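The values are calculated or read from the model by the stated rules, or taken from the named source; none is laboratory data. Quick caveat, the model's predicted, so the values are computed rather than measured. Note that each Cβ is placed from the backbone with ideal geometry, even for glycine, and that neighbours are counted across all protein chains shown.
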Amino acid sequence: MGIPNDVHHVSDEKLEQEILDILDEFPLRTMDRAVAEGDVVNVDYVGRIDGVIVRSSFASGMYLEVILGATNLIDEFVGPLIGHIPGDTINVE
């Protein structure tokens, strides 16, 4: 179905801005370098107390998406992630 330009016209600038807005919603996944402050990371974590897994809706097998250095989570939790390669398993005390 064709829509004639005299009915609806989209400028090249508007189209380009819309494409950039969509790309901003889906950042590229970086898997070949260590994460740095400002990166968005998806964290799969399990909470433990004295080595026992905490069975709650917040701390067991949860996935978090955080921006390193710009989150309200405690620094001791996300800080140690900086410098690790995506896919690494680390323990945070």
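Here Gly38 clears all of (1) in a loop (DSSP other than H, G, I, E, B); (2) within 19 Å of Gly79 (Cβ to Cβ); (3) in contact (Cβ under 8 Å) with a residue 40 or more places away in the chain except the condition numbered (3).
Scanning region 25-70 for residues that are modelled with pLDDT of 70 or more and among the aromatic types (Phe, Trp, Tyr), we see that the one that is nearest to Thr89 (Cα to Cα) is Tyr45. Checking each residue in region 1-24 for being assigned to a loop (DSSP other than H, G, I, E, B) and modelled with pLDDT of 75 or more picks out Gly2, His9, Val10, Ser11. Residues of region 1-44 that are within 23 Å of Pro86 (Cβ to Cβ) and surrounded by 10 or more Cβ atoms within 10 Å (Cβ to Cβ): Leu23, Thr30, Ala34, Val35, Ala36, Glu37, Gly38, Asp39, Val40, Val41, Asn42, Val43.
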